[in-house]
Protein chains: 2
Amino acid sequence: MSFRAKIDHAAKEKFSNLILALDLPPSEPHQLLSRSINLLEEVHPYICAVKINRHLVLPLGLSTGIKRIVNLAHDLGLPTIMDCKINDIGNTNRVIAEFYYNVGFDSVIANPFVGWNEGLQPVFELAKRKRRGVILLVYMSHKGALEGYGQEIMNPKTGELTSQYLVFAEKALSWNADGAVVGATFPGKIEEVYAVLKEHVPIYSPGVGAQGGNIEAAIMAGTRYLIVGRAITLAEEPARTAKLLRDIIQRCADK
Amino acid sequence: MSFRAKIDHAAKEKFSNLILALDLPPSEPHQLLSRSINLLEEVHPYICAVKINRHLVLPLGLSTGIKRIVNLAHDLGLPTIMDCKINDIGNTNRVIAEFYYNVGFDSVIANPFVGWNEGLQPVFELAKRKRRGVILLVYMSHKGALEGYGQEIMNPKTGELTSQYLVFAEKALSWNADGAVVGATFPGKIEEVYAVLKEHVPIYSPGVGAQGGNIEAAIMAGTRYLIVGRAITLAEEPARTAKLLRDIIQRCADK
């Protein structure tokens with residue numbers, strides 16, 4: 001099954017379009033690992049996938065801790081996304097993606113800013129061979145995103161000034177990406193990106209909770225999957241919070 | 001001593017402006033570690049710093065393998081650069097930089113595309129507190145760099161169309177970065193970036209060897225440090241190759 005089919009399947013099985021970003025504040029590696037495992041076991045009925053970041057990879061290591069979390073997620077019916085924001089030269093990008101896919105990750109996140117030729121092409125080729133996913137950053141959720149993702153650029157195809165994120169959305173479409181990340185903090189931009197992508201490339205939105213994004217506005221604008229980290233991982237009752245968020249998301253999606 | 005003082009000192013001590021990119025092709029972790037250590041021990045007299053990438057971090061892990069390499073580099077009088085190309089939201093960027101600095105890295109590489117506010121500001125602040133370095137990507141060495149680093153953007157300060165890499169060079173200057181990466185494959189761009197940075201921010205150039213960059217052209221254009229990976233790591237006689245490259249660099253720099 002491809003990554004897209006897997007996450008679609010999990011979303012239907014769990015009645016959830018909520019992705020858990022397993023971002024835990026730094027602590028001792030064995031504590032981090034056991035907290036990650038506990039969280040996943042508590043929260044799994046309400047989520048459709050798990051996203052892992054360098055918060056866990058750097059202290060836990062790939063072959064030991066991360067592999068256990070990825071395996072557990074799979075046992076719980078959840079595909080896994082590695083948020084490595086790949087943005088290097090092609091040779092390095094391929095090596096990075098290979099390490100993550102080999103540990104079992106179903107998808108990686110990459111930055112289209114590095115381009116295709118000797119950039120992300122080797123990652124897309126590898127993903128295709130291994131039937132894994134590549135999700136592209138289109139607009140991020142922080143304020144400084146305005147400086148890069150929000151800048152006006154000369155669109156080489158039209159010769160006209162265009163927003164950087166719309167050019168990235170076009171790349172997501174033409175490179176046949178498996179997803180496009182647009183921060184939930186910018187519903188207006190989600191709407192514009194959705195107008196480019198329609199149902200061809202699903203939109204993933206982080207930034208709800210700690211960063212202030214609004215679930216309903218994001219979904220109404222075209223987001224398919226909401227990515228939530230600290231609002232769940234730092235909650236007193238993570239499972240209850242995840243269920244609450246899941247219910248809000250599904251209610252908005254049903255509208 | 002700050003990172004900039006450290007690498008400057010090492011360059012003078014070793015009569016070398018050559019940085020070894022310790023990029024080894026994937027193999028078993030214990031083989032990778034011993035090859036890295038052997039390479040470093042052979043090559044150290046001819047280099048002024050070591051750059052490490054995810055090629056090593058992902059298989060070796062931070063707290064075990066990478067820490068040993070960083071410690072060895074320090075014992076050999078070499079500062080260390082982590083080529084993590086940081087490009088996430090501020091909270092994650094800070095966590096990533098913290099992990100690398102805590103293992104002992106003297107500097108990290110970051111992508112200015114994510115902006116300052118809730119982007120790289122937390123990394124620069126952390127670096128300042130810890131007296132470590134932040135080197136910014138300005139123009140990369142691969143072909144696809146043209147799509148992002150080479151695009152024309154509306155410069156918000158002047159309202160005029162400007163090359164992306166020149167806007168990044170201005171950020172390197174105003175954010176007081178410790179270095180700016182410009183691919184050796186584009187000496188014309190090195191010259192333009194040098195015109196912005198002058199001696200305030202030293203230029204680091206990868207892309208010599210496997211990627212076809214020319215040492216003399218890069219140095220004449222304004223590069224201070226050459227970063228070389230595969231041309232040394234895959235050479236039959238790495239030390240001899242490193243010495244040869246070092247000698248060419250120093251001869252060009254003396255001109």
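Reachable lysines from A:Lys130, Cα under 29 Å, same-chain residues fewer than 8 places away excluded?
Hits, sequence-local ones excluded: A:Lys6, A:Lys12, A:Lys14, A:Lys51, A:Lys67, A:Lys85, A:Lys171, A:Lys198, B:Lys85, B:Lys143.
Compute the distance from the alpha-carbon center of the stretch B:192-234 to that of the stretch B:1-20, in whole Å.
Cα centroid to Cα centroid, the span is 15 Å.
So what is the diffusion coefficient of the stretch B:126-210 in µm² per second by Stokes-Einstein at 25 °C and 0.890 mPa s, using a Kirkwood Rh over Cα pairs?
Reported coefficient: 186 µm²/s.
Distances longer than 13 Å among the Cα atoms of the stretch A:150-198: what percent of all pairs is that?
That tail contains 55 percent of the Cα-Cα pairs.
How big is D for the stretch B:1-98, in µm² s⁻¹ as a whole number, if Stokes-Einstein is applied with the Kirkwood radius of its Cα pairs at 25 °C and 0.890 mPa s?
The Stokes-Einstein estimate is 174 µm²/s.
Only Cα pairs under 8 Å and at least 6 apart count here; give the relative contact order of chain B as a rounded whole percent.
19 percent.
Placing the label point 7 Å from Cα along the Cα-to-Cβ direction, what are the distances from B:Leu173 to the equivalent spots in the other copies, shortest first, in nm to one decimal?
Counterpart label points of B:Leu173 in the remaining copies fall at 3.8 nm.
From the phi of every residue in the stretch A:57-66, what ³J(HN,Hα) in whole Hz does the Karplus formula 6.51 cos²θ - 1.76 cosθ + 1.60 yield, where θ is phi - 60° and glycine or proline is x?
4, 5, x, 8, x, 5, 6, 9, x, 5
Can you list the distances in nanometres, one decimal and ascending, from the A:Arg230 label point to the identical position in each other copy, with the point 7 Å along Cα to Cβ?
4.1
Rounded to the nearest 0.05, what FRET efficiency do B:Phe15 and B:His200 have when you use their Cβ-Cβ distance and R0 = 35 Å?
0.90
Evaluated at 37 °C with a viscosity of 0.692 mPa s, what Stokes-Einstein diffusion coefficient in µm²/s does the protein assembly as shown have when Rh comes from the Kirkwood expression over alpha-carbon pairs?
Once the numbers are plugged in, D ends up at 143 µm²/s.
Taking the Cα centre of the protein assembly as shown as origin, sum charge times position over the Cβ atoms of Lys and Arg (+1) and Asp and Glu (-1), and report the length of that vector in debye to the nearest 20.
Computed charge dipole of the protein assembly as shown: roughly 560 debye.
Just tell me the longest site-free run in chain A, where the sites are GluC sites (Glu not before Pro) in a DSSP loop having at most 14 other beta-carbon atoms within 10 Å.
Between the exposed loop sites, the longest stretch runs A:1-159.
Name the chain B residue with the Cβ nearest the axis that maps B onto A: which is it, and what is the distance in angstrom?
Axis-proximal residue of B, distance in whole Å: B:Gly61, 2.
Could you tell me the calculated FRET efficiency between B:Ser2 and A:Leu173, based on Cβ-Cβ distance and R0 = 51 angstrom, to the nearest 0.05?
0.65
Take A:Leu20, A:Leu39 and order them by how many other Cβ atoms sit within 10 Å, fewest up front.
With the fewest neighbours first, A:Leu20, A:Leu39 line up as A:Leu39, A:Leu20.
When B:Cys48, A:Cys252 are ordered from fewest to most other Cβ atoms inside 10 Å of their Cβ, what list results?
A:Cys252, B:Cys48
Distances in nm, one decimal, shortest first, from A:Ala253 to the same residue in every other copy, taking the label point 7 angstrom along Cα→Cβ.
The projected label point of A:Ala253 is separated from its counterparts by 5.7 nm.
Could you tell me the largest-minus-smallest coordinate of the C-alpha atoms of the stretch B:3-254 on each of the three principal axes, in descending order and whole angstroms?
53, 40, 32
Ranking B:Tyr139, A:Tyr101 by Cβ neighbours within 10 Å, fewest first, what do you get?
Neighbour counts put them in this order, fewest first: A:Tyr101, B:Tyr139.
Are there trypsin sites (Lys or Arg not before Pro) in the stretch B:102-140 that DSSP puts in a loop and that have at most 15 other Cβ atoms within 10 Å, and which ones?
B:Arg131
May I have the convex hull volume per residue, in Å³, for the Cα set of the stretch A:178-255?
Given the Cα convex hull of the stretch A:178-255, per-residue volume reads 77 Å³.
Read-outs: derived from the displayed coordinates by stated rules, not from any lab. Everything numeric here is computed off the predicted structure, so don't read it as measured data. Every residue, glycine among them, receives a Cβ derived from its backbone with ideal geometry; neighbour counts consider all protein chains shown.
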